[in-house]
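Everything on this sheet refers to the single structure shown next.
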Amino acid sequence: MSVAGWTLDFAPLLGWGLVVGLLVLALLAAAFAWWRGLRGWGWRLAAGLAAAAAMAGPMLETGVRRGLSDIVLLVEDHSASQSLPGRAAQLAAASEAMAAQIAARPDTELRRVTLGDDPDGTLLGDAITRALAAEPESRLAGVIVITDGQVHDPAALPAKAPAPVHVLLTGQEGDWDRRLVIEESPGFGLIGQPVTLRLRVEDQGAVPDAVAGRAATLRLSLDGGDEQTVAIPPGMPLDIQVTPEHPGQNVVALALDPPDAGPPQLTELNDRAVVRIEGVRDRLRVLLVSGEPHPGGRVWRNILKSDTNVDLVHFTILRPPDKMDGVPVDELALIAFPTEALFHDRIGDFDLIIFDRYRVRGILPPQYFDNIRRYVQGGGALLVASGPEMAGVESLHLSPLGAILPARPTGRFLDAPFRPQLTDAGRRHPVTAALPGAPGGGGAPWGRWLRMGEVVADPGAEVLMTGEGDHPLLIAGRAGAGRVALLTSDQVWLWGRGFEGGGPQAELLRRVAHWSMKEPDLEEETLSVSVTDGATLAITRHTMDDAIGPVRITRPDGSTATLVLEPEGAGRFSGRFPAPAPGLYRLAEGGLTRVVAVGPAAPREFEQTVADSTALEPLVAATQGAVLPLSEGVPDLRTVAVGRQAHGQGIARPWIAITPRGAEAVEGLAVRPLLPAWAWLVLIAGLALAAWLAEGGRLGSRRSEVSGVQR
Amino acid sequence: MSQRILPLTLALLLAALPLTAQEPPAPDPRLAAAAADGALAYVITGDPQTDETSEQGLSGLTAALRARTTVEPGTPVGVDLDQDELSLLTFLYWPVTADQPPPSPLAYARLNRFLRSGGMILFDTGDGDLAGIDGPEGAALRHLAAPLDIPPLAPVPRDHVLTRAYYLLSAFPGRHRDGQVWVEAPSASAEQGALGVTNDGVSPVVIGGNSWAEAWAEDEFGRPLHAIGRGYDSGRQREMALRFGINIVMYALGGNYKSDQVHVPELLERLGREQGGDGFAPSQRLLP
């Protein structure tokens, strides 16, 4: 469609100054002629004006314009909350009907905008703002949004749109939903100290009378253990205490029982929640008892004191009971060894007890060793680094502690240089695996040690390192619920001193100490699982054994499956398992169990599920659009003038309207002079001639004669 | 000519390669024994009389340690700085004489590693009766110690661990008793020395001029070899010198052990308070 129009423009040939000059000259000449009574003054004036006009160069501009089609935006919310029963069909039907009605209108284009899931929920505001920005404002005739109204970025919604915005809401009138809201959950908790979770049950939508106000049954379990049930009334925040039991992730699973009466709620996905609490230890308390000051004593101090997470209580036996020098007590800086406080009253407060070259010399009565044994068997940790005293009669192995030490001394003490070696178990054990400079690996070889005690390791203990003649050097054992590590040489300090290049002394001792305190990263047998790619469990098993059984997986619905993990070498096995349904998956292999929670792909989508247009209403009202529930049918589409109310009630069903904009575009422009140069010449010359004729009487004389006759 | 030498050198290098892959030679048995029983060591200066005094002095100190404490060092060893491996030792007594030749650069590298990794050197200029460390021995010490990584020094503070590592001491007499004793200056953060937190804040050097070895030295019958002071004071000063010796060995072996013992009662108290006094009670399971 073409529309022609024109405009006048000027292009002065010699500048506006000349035009003005000519104009002034023509006016002055005409005024003079008039004053002198010349009859042709009018013609003179006309000729002067024509000359000035010719110099101004009038041009005629002709534009070519084209009418533009109207654009209607159809925004479809395909986020996960639209997959709730019935909504997808509603969305498809409404979108189909709207598209057909728009296609039937002449000069109207349809722009579809489809909105998917985002980790942050339904970003409808952002989608509408972008779609509006992408289209020319003057052509936009209407915006139709098909959604459940759950907008997670209401701040991004535009305040105003150039055309009516209509919202077609999915969902049914009787929709209702009950959900579990975690109001407060700490990410970390000290082991053994209860942490508080604050929960609330919220009912939304048209809650049936049979359910409203009735308490819901909440089941909760820690790490897949026994379930506990609590009655929780809707709308009331409830505090629940949970105690993290172990380091690392503690999984608290919470689920509401489905209401037993009334129409079903929209979804049960939001009736479940999983809270992960990282169990952390309070500052570790380490009791270090040195039997005597010796060159390796400071090694322990340096490691433990540089660890900001450790409170070190250190005692060194400086003077044995059998040596007396007669020096008055007030000249001595010695304090009594508070054995009762340490080994009777407070023994349970320590996370680790280290005996460094301790010699049984009657300072600790046997019942205190018994206390230590009980402490270890009850879950404590003991580390013994022994020198030559181990082979003698003052050996700790001959005390009641000997029962839990993972090796038995033969009584021989080997005075020969040796290079510590990792055993097969040591290469696999997290304490010694990948120690820098380990034999067989890269880097400089470890330096030698010069002496060690000969021991026979218990069959149940793991020998991680060997020394001279393949005798055990570092032995890791267990006693009851506790752990015991034994280092049969007192010369680990040579590594720290750099003798023959030294070795990773600090790292080794740090790992031994933390292993005995059950740090999760240093466990030998681990089963770890993580959720990847939305719905796949990545399972890794680390073991000291050569083979493992299949992992038994219990799905949320109670069905079980087994998965055989593939070996990856050095005691690692791994596998993947699809986990399509959300919920708790329980994994078990051997004595290890793990619980992992697979959430819905878009958890935010299911927080609020009842259709609600509150967030969109200001924009709809500002553009004179309408919010219509699709449960009452798909509305008709009409057109109204811009600025008029764009919705109403028809005979059969309500209607919404778009506003045709009649926008047009300029496609071309033609410019030509108003008159050709010769025509100007003829005009000016003709007017000048007429003035001359008039003044010469030839033009005006007849007229004057006539008038004279009349007079 | 060099063309002929090059293949020869290469051949020698190749021949040497398998050797380096084998076990290194056995360590010096003297030093290995010193590592095992924590023997005290002294620097051999080349001056026979000084070296003999050092040996006798450390023997006297060793005997005192064995008689009074749990530390039972073996026979003292003399160390040739240019030859011997220091990483097996912990405590090194270094008497400084005016005409002592400085050790080789390699020896300085070993000494610096020794100081960094937890060793301790007691420098003794032996001129505490005269001019502090400004005499010819002081100049020699400055010359000898210049290449060492020695932190800023200060006179021993009143509350330093050296004053209470075993005995309570207010002075550090040797054969002389007026010489000033210097240790690493206390740094801004009390627990952290110049060598970083890994050294437990222990001063790697102690410097003085009280000629301690002469005070410690005794003959095989336990009689003093060098005269000290006069009358009753003589015995007392010798005893104090031994006490200083015992303290410094305790400091070298135990580090700042005594300084954190001050906090032990408080720490124990806190343990009890945090646990509410009921100790190792099994934690309660999940309760609503």
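The values are calculated or read from the model by the stated rules, or taken from the named source; none is laboratory data. All figures in this text were calculated on a predicted structure; none of them were measured in a lab. Quick reminder, even Gly has a Cβ in these numbers, built from the backbone with ideal geometry, and neighbours come from all protein chains shown. For the accessible areas, the whole protein counts, side chains as well, though only heavy atoms, and no ligand, DNA or RNA atoms are used. Shrake-Rupley method; radii C 1.70, N 1.55, O 1.52, S 1.80 Å.
Listed residues A:Thr147, A:Thr114; which is among the β-branched types (Val, Ile, Thr) and either in contact with a helix residue (DSSP H, G or I) (Cβ under 7 Å, 6 or more places away or on another chain) or closer than 30 Å to A:Asp351 by Cβ (or both)? Before the answer, list the steps.
Working: A:Thr114 fails: either in contact with a helix residue (DSSP H, G or I) (Cβ under 7 Å, 6 or more places away or on another chain) or closer than 30 Å to A:Asp351 by Cβ (or both).
None of the other options fit; the residue is A:Thr147.
If I filter segment A:54-69 for residues that are of a type in the set (Gly, Ala, Ser), free of Cβ contacts under 8 Å to residues at least 60 places away in the same chain and either assigned to a helix (DSSP H, G or I) or surrounded by fewer than 21 Cβ atoms within 10 Å (Cβ to Cβ) (or both), do I get at least one hit?
Among the residues of segment A:54-69, at least one is of a type in the set (Gly, Ala, Ser), free of Cβ contacts under 8 Å to residues at least 60 places away in the same chain and either assigned to a helix (DSSP H, G or I) or surrounded by fewer than 21 Cβ atoms within 10 Å (Cβ to Cβ) (or both), which makes the answer yes.
Quick grid of which residues meet (1) modelled with pLDDT of 90 or more; (2) outside any loop (DSSP other than H, G, I, E, B); (3) surrounded by 15 or more Cβ atoms within 10 Å (Cβ to Cβ):
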residue: B:Leu106; (1), (2), (3): yes, yes, no
residue: B:Gly118; (1), (2), (3): no, no, yes
residue: B:Gly126; (1), (2), (3): no, no, yes
residue: B:Ala139; (1), (2), (3): no, yes, no
residue: B:Pro151; (1), (2), (3): no, no, yes
residue: B:Ala165; (1), (2), (3): no, no, yes
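Taking B:Glu55 as meeting all but one of (1) in a loop (DSSP other than H, G, I, E, B); (2) more than 10 Å from chain A (Cβ to nearest Cβ), write down the number of the exception.
(1)
Which residue out of A:Ala506, A:Ala513, A:Ala485 is part of a strand (DSSP E or B), over 33 Å from the mean Cα position of the chain (by Cα), of a type outside the set (Ser, Thr, Tyr) and closer than 28 Å to A:Ile404 by Cα?
Going through A:Ala506, A:Ala513, A:Ala485 in turn, the sole match is A:Ala485.
Out of (1) in the same structural domain as A:Pro162 (by TED's automatic domain parsing); (2) surrounded by fewer than 20 Cβ atoms within 10 Å (Cβ to Cβ), what's the single condition that is false for A:Leu27?
(1)
If you take the residues of segment A:135-167 that are within 25 Å of A:Glu605 (Cβ to Cβ) and part of a helix (DSSP H, G or I), which of them is least open to solvent (accessible area, probe 1.4 Å)?
Step one: filter segment A:135-167 for residues within 25 Å of A:Glu605 (Cβ to Cβ), giving A:143-158, A:165-167.
In the following step, the residues that additionally are part of a helix (DSSP H, G or I) were identified as A:154-156.
Details: A:Pro154: 71, A:Ala155: 104, A:Ala156: 38 Å².
Looking at the filtered set, the residue picked out is A:Ala156.
Can you tell me how many residues within segment A:168-188 are part of a loop (DSSP other than H, G, I, E, B) and open to solvent by 10 Å² or more (accessible area, probe 1.4 Å)?
Count: 7.
What residue, of A:Val598, A:Val620, A:Val634, A:Val627, is within 30 Å of A:Thr122 (Cβ to Cβ) and in contact with a Ser or Thr (Cβ under 6 Å, 6 or more places away or on another chain)?
Of the residues listed, the single one that is within 30 Å of A:Thr122 (Cβ to Cβ) and in contact with a Ser or Thr (Cβ under 6 Å, 6 or more places away or on another chain) is A:Val627.
What's the total number of residues in segment A:200-228 that are hydroxyl-bearing (Ser, Thr, Tyr) and at the interface with another protein chain (Cβ under 9 Å from one of its Cβ atoms)?
Residues meeting the conditions: 1.
Checking the conditions here, which among A:Val274, A:Val251, A:Val286, A:Val280 is β-branched (Val, Ile, Thr) and over 30 Å from the mean Cα position of the chain (by Cα)?
Result: A:Val286 is the single residue among A:Val274, A:Val251, A:Val286, A:Val280 that is β-branched (Val, Ile, Thr) and over 30 Å from the mean Cα position of the chain (by Cα).
Looking only at segment A:629-672, which residues are assigned to a strand (DSSP E or B) and either on the phi > 0 side of the Ramachandran plot or among the small types (Gly, Ala, Ser) (or both)?
Result: A:Gly648, A:Ala657, A:Ala665, A:Gly668, A:Ala670.
Residue-by-condition table, conditions (1) more than 30 Å from the chain's Cα centre (by Cα); (2) assigned to a strand (DSSP E or B):
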site: A:Pro567; (1), (2): yes, yes
site: A:Phe573; (1), (2): no, yes
site: A:Arg576; (1), (2): no, yes
site: A:Pro580; (1), (2): no, no
site: A:Arg586; (1), (2): no, yes
site: A:Val595; (1), (2): no, yes
site: A:Glu605; (1), (2): no, no
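Mind counting the residues in segment A:615-661 that are out of contact with any strand residue (DSSP E or B) (no Cβ under 7 Å at 6 or more places or on another chain), small (Gly, Ala, Ser) and surrounded by fewer than 14 Cβ atoms within 10 Å (Cβ to Cβ)?
4
Please work out if A:His294 is within 12 Å of another protein chain (Cβ to nearest Cβ), in a loop (DSSP other than H, G, I, E, B) and under 30 Å from the mean Cα position of the chain (by Cα). Write out each step before concluding.
On the way: within 12 Å of another protein chain (Cβ to nearest Cβ): yes; in a loop (DSSP other than H, G, I, E, B): yes; under 30 Å from the mean Cα position of the chain (by Cα): no.
No.
Out of segment A:491-544, which residues are small (Gly, Ala, Ser) and surrounded by fewer than 18 Cβ atoms within 10 Å (Cβ to Cβ)?
Matches in segment A:491-544: A:Gly501, A:Ala506, A:Ser530, A:Gly534, A:Ala535, A:Ala538.
Which of the residues spanning segment A:98-113 are on the phi < 0 side of the Ramachandran plot, touching a residue at least 12 places away in the same chain (Cβ under 8 Å) and in contact with a Leu (Cβ under 9 Å, 6 or more places away or on another chain)?
Matches in segment A:98-113: A:Met98, A:Ala99, A:Gln101, A:Ile102, A:Arg105, A:Leu110, A:Arg111, A:Arg112, A:Val113.
What residue, among those in segment A:352-365 that are crowded, with 21+ Cβ neighbours inside 10 Å and charged (D, E, K, R), is farthest from B:Thr69 (Cα to Cα)?
Taking the candidates together, the pick is A:Asp356.
Can you pull out every residue in segment A:401-423 that is open to solvent by 40 Å² or more (accessible area, probe 1.4 Å) and more than 14 Å from chain B (Cβ to nearest Cβ)?
Across segment A:401-423, the qualifying residues are A:Ala403, A:Arg408, A:Thr410, A:Gly411, A:Arg412.
Please count how many residues of segment A:506-539 are under 30 Å from A:Asp351 (Cβ atoms) and of a type in the set (A, V, I, L, M, F, W, C).
Here the count works out to 10.
If we keep just the residues of segment A:333-382 that are of a type in the set (Asp, Glu) and out of contact with any Ser or Thr (no Cβ under 8 Å at 6 or more places or on another chain), which is nearest to the other protein chains (Cβ to nearest Cβ)?
Among those that are of a type in the set (Asp, Glu) and out of contact with any Ser or Thr (no Cβ under 8 Å at 6 or more places or on another chain), it is A:Asp349.
Listed here are the residues, each with its yes/no results for (1) in a strand (DSSP E or B); (2) open to solvent by 50 Å² or more (accessible area, probe 1.4 Å); (3) aliphatic (A, V, I, L, M).
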{"residue": "A:Val201", "(1), (2), (3)": "yes, no, yes"}
{"residue": "A:Pro208", "(1), (2), (3)": "no, no, no"}
{"residue": "A:Leu220", "(1), (2), (3)": "yes, no, yes"}
{"residue": "A:Gly224", "(1), (2), (3)": "no, no, no"}
{"residue": "A:Asp239", "(1), (2), (3)": "yes, yes, no"}
{"residue": "A:Ala253", "(1), (2), (3)": "yes, no, yes"}
{"residue": "A:Thr267", "(1), (2), (3)": "no, no, no"}
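In segment A:316-346, how many are open to solvent by less than 60 Å² (accessible area, probe 1.4 Å) and part of a helix (DSSP H, G or I)?
The qualifying residues number 5.
Suppose we filter A:Arg451, A:Arg483, A:Arg478, A:Arg428 for residues that are basic (Lys, Arg), within 14 Å of chain B (Cβ to nearest Cβ) and either surrounded by 17 or more Cβ atoms within 10 Å (Cβ to Cβ) or farther than 20 Å from A:Gly380 by Cα (or both); which single one remains?
A:Arg451 is the lone residue from the list that is basic (Lys, Arg), within 14 Å of chain B (Cβ to nearest Cβ) and either surrounded by 17 or more Cβ atoms within 10 Å (Cβ to Cβ) or farther than 20 Å from A:Gly380 by Cα (or both).
Out of segment A:532-545, which residues are touching a residue at least 12 places away in the same chain (Cβ under 8 Å) and either part of a loop (DSSP other than H, G, I, E, B) or closer than 30 Å to A:Ala425 by Cα (or both)?
Result: A:Gly534, A:Ala535, A:Leu537, A:Ala538, A:Ile539, A:Thr540, A:Arg541, A:His542, A:Thr543, A:Met544, A:Asp545.
Taking segment B:240-264 only, how many residues are of a type outside the set (A, V, I, L, M) and open to solvent by 40 Å² or more (accessible area, probe 1.4 Å)?
Matching residues across segment B:240-264 total 1.
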